[in-house]
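The values are calculated or read from the model by the stated rules, or taken from the named source; none is laboratory data. In this text, all values refer to a predicted model and were calculated from it rather than measured experimentally. We place every Cβ from the backbone using ideal geometry, glycine too, and count neighbours over all the protein chains shown.
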Amino acid sequence: MESDEVAFLFSPLGTPGISATIKYVNAKKVPHLFVVSGVTRFANFAEFPMITLRRLRRHFFTSGQSLASSGLAASSGAMVATSL
């Protein structure tokens, strides 16, 4: 990043790649513009001040709730186990 004089990262996609680089990139004061991720972790602007979010998908938690609700509606007496 230093030798290429990167101004910003535009629309990085995927939680694993962003998680692996975000602290280094923030330390270099290079903003992540329009991050695409299904987790809410990157919405913590106190921890990640050089980031903007773009919501193309629902969060994983919301998707899980939706799937569990439809599964329970389809099967009477069904139970759903969760892990937080």
* Structure fact -> Apart from one, (1) assigned to a helix (DSSP H, G or I); (2) modelled with pLDDT of 75 or more; (3) exposed (fewer than 10 other Cβ atoms within 10 Å of the Cβ); (4) among the hydrophobic types (A, V, I, L, M, F, W, C) all hold for Ala73; the odd one out is (2)
* Structure fact -> Taking segment 27-48 and keeping only residues that are over 15 Å from Phe10 (Cα atoms), at pLDDT 80 or above and in a loop (DSSP other than H, G, I, E, B), one is left with Lys28, Ala46, Glu47, Phe48
* Asked: Name the residues in segment 1-18 that are surrounded by 12 or more Cβ atoms within 10 Å (Cβ to Cβ) and either charged (D, E, K, R) or farther than 10 Å from Pro31 by Cα (or both), would you?
  -> Ser11, Pro12, Leu13, Gly14, Thr15, Ile18
* **Which numbered condition Pro16 misses (of (1) part of a helix (DSSP H, G or I); (2) at pLDDT below 80)** => (2)
